[in-house]
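The values are calculated or read from the model by the stated rules, or taken from the named source; none is laboratory data. Quick caveat: nothing in here was measured; it's all calculated off a predicted structure. Here the Cβ is made from the backbone with ideal geometry for all residues, glycine too, and neighbour counts use every protein chain on show. The accessibility values were calculated without ligands, DNA or RNA, using every heavy atom of the protein model including side chains. Shrake-Rupley method; radii C 1.70, N 1.55, O 1.52, S 1.80 Å.
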Amino acid sequence: MTRRVGLIGWPVDHSQSPAMQTAAFAACGLDWQYTLLPTLPDQLRATLDQVRAGELAGANVTIPHKSAVMPMLDEIDPAAAAIGAVNTIVVRDGRLIGCNTDAIGFARALSEIGVDVNGKQCAVLGAGGAARAVVHTLKELGGRVTIYARDVSRARTLIGGDEQTRALRDVDRVACDTVLIVNATSVGMAPQSDGSPWPDGAVFPAGALAFDLIYNPRRTRWMGQAERSGAQAVNGLAMLIYQGAAAFEMWTGQKAPLEVMFEAARGALQAAAAKGAS
Ligand code: NAP
């Protein structure tokens with residue numbers, strides 16, 4: 001019998017996850033389907049009931065439900081609890097367990113680039129769900145983190161802990177010994193690709209890596225600003241694949257076919273870009 005997993009969120013129609021997961025299931029010979037589950041806040045419990053009833057073998061969770069879903073689940077794994085956000089639901093013996101694979105995906109992408117943040121200064125722009133996963137990971141890796149957000153008091157409440165929190169408009173004063181700057185805001189994401197969280201003309205610290213979580217467009221305006229300032233820049237595609245691969249492995253118990261997932265996501269992004277340009 002075909003097993004189903006899906007993406008719970010609103011909106012969900014621009015997601016690359018269906019292409020990536022469908023290709024992975026096919027490559028592994030699994031009779032699984034990945035479907036979109038557009039869900040408004042007042043429909044969240046009803047969608048979870050479908051999972052509980054066995055209609056779905058698991059799910060991804062995206063905006064705006066990553067935190068709201070937590071009290072509705074049976075168990076939250078320790079990392080997701082520390083982050084305060086769930087992006088993957090796994091079903092074990094009928095129990096719904098909340099996990100966070102954004103943190104896993106970010107850590108793997110960072111380690112592949114070879115950046116060592118232990119004892120080093122890092123800056124994170126934004127204070128949403130993805131920012132929380134990034135801050136958690138950087139702290140686990142021993143990094144010293146400063147968060148820049150447009151609403152500082154909200155960032156403090158959301159993130160807590162002992163990280164420094166500053167206004168996003170002060171990002172041009174980022175410490176000169178910063179080795180990593182992560183854009184975890186949605187500024188610059190398609191279709192508003194002309195946006196950037198970085199003031200024009202502000203210099204990036206020498207030798208810093210600019211890591212944009214955005215993967216559509218492939219090269220954001222912020223990445224261009226970083227490169228012109230002499231910094232190295234990467235987009236969020238690898239993180240997207242690795243967070244999806246971690247969810248695939250949790251659901252199916254099989255090793256994720258990474259190359260297939262990269263190829264499918266790149267193809268879906270190219271198709272989306274062509275559609276946007278037409
Ligand atoms: P979110 O929870 O909605 O957070 C968005 C963040 O962006 C918030 O801090 C928000 O500030 C800030 N923001 C939005 N508009 C802004 C503006 N005009 N000026 C300044 N700040 C602004 O979303 P999320 O889930 O954290 O996602 C954030 C980004 O990461 C998105 O682009 C998403 O696609 C990307 N992402 C990528 C991956 C990946 O695998 N590569 C995974 C997860 C997310 P306020 O708090 O003040 O509203």
To two decimal places, what compactness ratio does the stretch 103-235 give when its Cα radius of gyration is scaled by 2.2 N^0.38 Å? 0.94
Evaluate the distance, in nm, between pseudo-label points positioned 7 Å from the Cα of Ala175 and of Thr2 along their respective Cα→Cβ axes. 5.3 nm
How would you order 123-134, 143-154, 265-276, 178-189 from highest to lowest mean count of nearby Cβ atoms within 10 Å? 123-134, 178-189, 143-154, 265-276
Built amide H within the under 5 Å cut-off of Gln33, gap 5+: Arg3, Arg4, Val5
Taking all protein chains in place and a 1.4 Å probe, what share, in percent, of the accessible surface of the stretch 1-137 do carbon and sulfur account for? 53 percent
Percent of alpha carbon pairs in the chain separated by more than 28 Å? 35 percent
With θ set to phi - 60° and the Karplus curve 6.51 cos²θ - 1.76 cosθ + 1.60, what are the ³J(HN,Hα) couplings of the stretch 120-130 in order, to the nearest whole Hz, using x for Gly and Pro? 9, 7, 10, 10, 10, 9, x, 9, x, x, 5
Determine, from the Cβ-Cβ distance of Arg156 and Asp74 and an R0 of 22 Å, the FRET efficiency 1/(1 + (r/R0)^6), rounded to the nearest 0.05. 0.15
Return the distance in nm (one decimal) between the two label points of a simple spin-label model at Ile113 and Thr35, each offset 7 Å from Cα along Cα→Cβ. 3.8 nm
For the chain, what is the mean residue ellipticity at 222 nm derived from helices alone (per DSSP H run of n ≥ 4: -39500 (n - 2.57); sum divided by total residues; nearest 500 deg cm²/dmol)? -11500 deg cm²/dmol
Hull volume per residue for the stretch 214-268, using the convex hull of the C-alpha atoms, in Å³ is 81 Å³
How many Å² of accessible area per residue for the stretch 1-131, probe 1.4 Å? 43 Å²
Placed amide H near Val182: partners under 5 Å, 5+ positions off or other chain: Ala123, Val124, Leu125, Phe211
Residue-wise HN-Hα coupling along the stretch 146-152, computed from phi with Karplus coefficients 6.51, -1.76, 1.60 (Hz; x: Gly, Pro): 10, 9, 10, 9, 6, 10, 4
